[in-house]
Amino acid sequence: MLLDRSNLVGEQARLEREKRKLISERDRLGQLVAETEQQKQEAAMKAEKAQAEIARQQKVYDNLQSTFAKEQQANQVKIEMMKSGVKVNLANEILFPSGSSELNKMGVEVLSRAAGELKKSPYQTVVAGFTDDQKISNKLKAKYPSNWELAAARAASVVRLLEKEGVAPAQLIAISFGENSPVASNDTPEGRSRNRRIEIILRPVAVTMD
């Protein structure tokens, strides 16, 4: 009888240990399930947010397509949906006189239309200036020592016009690529014309408006 009671006590102790293990395992699995459910919810929220962002970008793209339908037909404006954002490529000829950073009448009109769309969104708006590889004439070197300065001055003129038309200053960035990022050969007049351009890039980076 003493042996049987000892065995019973031992068995009870073993069962108690097993019970604690099972409870611990249950709790662990419960935690894993909760974490998995949270991860699923977070993934779903991220996917929903990404879809909403794609829809916003598509709307901006569609609106710009409509805004510049005439200029696109004339190959003066090209609009592209990028992996992250929208790019508007504007031919230099519709914005500036040759060798100048002062916007012409058509440039003011075209950019005013662009501003109508840009100011609706808090996206970061990068205005990039590009030139061909032709050297600055002696007549203009005092004002524009190189293509860097010419492209920068043109980008700044675009930014100032967009700001005047209501695009938030904190949203705008002006940069110069000078002659260093051609999209065509500089060996022909047609290629040089394509390289002289302004690109407006809308990047879905939220901008804090203080």
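Table for the structure above
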| item | result |
| --- | --- |
| Relative pair counts by distance (%), Cα atoms of the range 1-56, 5 Å bins | 4, 16, 10, 11, 8, 9, 7, 6, 7, 5, 5, 3, 3, 2, 1, 1, 0 |
| Neighbourhood net charge (10 Å Cβ-Cβ; Lys/Arg +1, Asp/Glu -1) for Glu80 | +1 |
| Positive minus negative residues near Leu162 (Lys, Arg vs Asp, Glu; Cβ under 14 Å) | +1 |
| Hull-based mean projected area of the range 40-135, where the convex hull spans the alpha carbons, in square nanometres | 7.8 |
| Value of [θ]222 nm, deg cm²/dmol, for the chain, DSSP H segments ≥ 4, -39500 (n - 2.57) each, nearest 500 | -18500 deg cm²/dmol |
| Selection from Asn63, Ser98, Ala43, by position along the positive dipole direction of the chain (Cβ) | Ser98 |
| Aspartates and glutamates with Cα under 18 Å of Lys19, excluding same-chain neighbours fewer than 8 positions away | Glu11, Asp27 |
| Net charge contributed by nearby residues that have their C-beta within less than 13 Å of Met106 (K/R +1, D/E -1) | -1 |
| Rounded to 10°, Cα long-axis angle of helix 2-67 versus longest principal axis of the chain | 20 |
| Cβ-placed point charges (K, R +1; D, E -1), dipole of the chain about Cα centre in debye, nearest 20 | 180 |
| Order of Ser137, Ser101 under a 10 Å beta carbon neighbour criterion, fewest first | Ser137, Ser101 |
| Over 32 Å between alpha carbons, listed pairs Lys78/Lys164; Lys46/Lys70; Lys46/Lys87 | Lys46/Lys70 |
| By average C-beta atoms within 10 angstrom, highest first, the peptides 38-46, 184-192, 107-115 | 107-115, 184-192, 38-46 |
| For the chain, built as a Gaussian network whose Cα springs stay under 10 Å, the top-fluctuating residue of Glu117, Glu16, Glu165 | Glu16 |
| Alpha carbon convex hull of the chain, volume per residue in cubic angstrom | 199 |
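All of the numbers you see were taken from the coordinates with simple rules; none came from a lab. For clarity, every value in this text was computed on a predicted model and none was experimentally measured. With ideal geometry, Cβ positions are generated from the backbone for all residues, glycine too; neighbour counts draw on all protein chains shown.
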